[in-house]
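Scroll down for the structure; my scribbles are underneath it.
What follows is calculated from the coordinates using simple rules that are stated; it is not laboratory data. These figures come from a predicted structure and were not determined experimentally. FYI the Cβ positions are ideal-geometry reconstructions off the backbone, even for glycines, and counts take in every protein chain you see.
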Amino acid sequence: MWKPHKSIVAASAVGTAIGISFIIKDYMGGPRYENKNRIDDKVVIITGANTGIGKETARELAKRGGKIVMACRDMEKCEEARKEIVLESKNKYVYCRPCDLASIKSIHEFVKRFNTEHNRLDILINNAGVMRCPKLQTTEGFELQLGVNHLGHFLLTNLLLDTLKKSSPSRIVNLSSRAHVSGKINIEDLNSDKSYDPGQAYNQSKLANILFTMELAKRLEGTGVTVNAVHPGVVDTELIRHIDMLKNSLVAFFYKPFSWLLFKTPIQGAQTTLYAALDPSLEKVTGKYFSDVAEKEVAPQAKDDVTAKWLWLVSEKWTRLSQ
């Protein structure tokens, strides 16, 4: 009776293992947004669009005919990404514009320039973010994660509201995270001046994204402007660069295959953003939270209207919006 050679058995086992790993990878990537609807001539702003989820979102929306404004801090990286997107999408209407969300002055300058170059804004995607970084501060002295993830986008969005209203129906998409479930708005020490924990500060900023979304949705009722929050999933992007244990070479060695298998790619992570920004069924849906291309329930603390209003008033004061 013929028996397969050991090398054939080994090769077959390896092939099977590889096949299974790709099946797992595809499954962990979650559902895709399948609608092919176009957005010809619509104007889109995406913060943090030079890398990761933001870059893939910009690429896809450029392919669909949008005029894409990449609002980024690093102009060199932005220009590299812009050229790549233009060549692939065959869409020349992709622009790099400086916007440092850690600087109130930079945000004002971005909005001023945008308003001179465009007379409408159809989609605003607040995508940029930092995660679990060392204790750092913005130009105005805000804890960096709160400052960039929440306060910077809070100011940017409010400065663009008149244009969004004029362009209605229009949409705002805020990238949050499931990390909001572990978040708490520290009313006694919102800026982490008394004590700082990178994880807690990140979770707080992601909860702030949702509270901002819910409060803004109420304030925009009847304007034709919708605002929703999304959780992109656990995505393998530069956002994890500040996690200390990954700086250990041994940990990093084992992390790579693990992350490849179980984490989403940036394009997979962009699917729920695309759904919230594009799907016709959501034209009048506002104040919701989405993950894996479907509406999901938020944590109880994300439904706290009192805290949402308090956070709004503090954010107005700190960003000098009320002035």
Looking at this model, which pairs from LYS105/LYS317; LYS166/LYS284; LYS112/LYS309 are more than 19 angstrom apart at the alpha-carbon?
-> LYS112/LYS309
Summing Lys, Arg as +1 and Asp, Glu as -1, what charge do residues with Cβ under 14 Å from the Cβ of GLU283 carry, GLU283 excluded?
-> +2
What translational D, rounded to a whole number of µm²/s, comes out for the range 137-233 from Stokes-Einstein when the hydrodynamic radius is the Kirkwood one over Cα pairs, at 37 °C and 0.692 mPa s?
-> 234
Report, by chain and number, residues whose modeled amide H sits under 5 Å from the one on CYS99, excluding near sequence neighbours (fewer than 5 apart, same chain).
-> CYS72, ARG73
Using 0.36 nm per residue of separation minus the Cα-Cα distance, give me the extension gain between ARG38 and SER195 in nm, one decimal.
-> 51.8 nm
Footprinting proxy, VAL285, VAL111: sorted fewest to most Cβ within 10 Å, the residues are VAL285, VAL111
Would you mind checking which residues have amide H under 5 Å from VAL234's amide H? H placed 1.01 Å from N; only 5 or more apart, or other chain.
-> LYS264
Can you tell me the relative contact order of the range 99-207? Whole percent, Cα pairs under 8 Å, sequence separation 6 or more.
-> 33
11 Å cut-off, amide nitrogen to a point 7 angstrom out along ASN119 Cα→Cβ, residues in the range 28-72 | none
May I ask you to order 165-176, 295-306 by the average number of other C-beta atoms within 10 Å around their residues, highest value first?
-> 165-176, 295-306
Using the number of other C-beta atoms within 10 angstrom as an exposure proxy, rank TRP310, TRP318 with the fewest first.
-> TRP310, TRP318
Karplus-derived HN-Hα couplings along the range 196-212 (A = 6.51, B = -1.76, C = 1.60, θ = phi - 60°), whole Hz, x at Gly and Pro = 9, 10, x, x, 5, 5, 5, 4, 4, 5, 6, 5, 4, 4, 6, 4, 4
For the residues TYR196, TYR202, what sequence is obtained by ranking on other C-beta atoms within 10 Å, fewest first?
-> TYR196, TYR202
How much length is gained on full extension from LYS184 to VAL306, taking 0.36 nm per residue of separation minus their Cα-Cα distance?
-> 42.6 nm
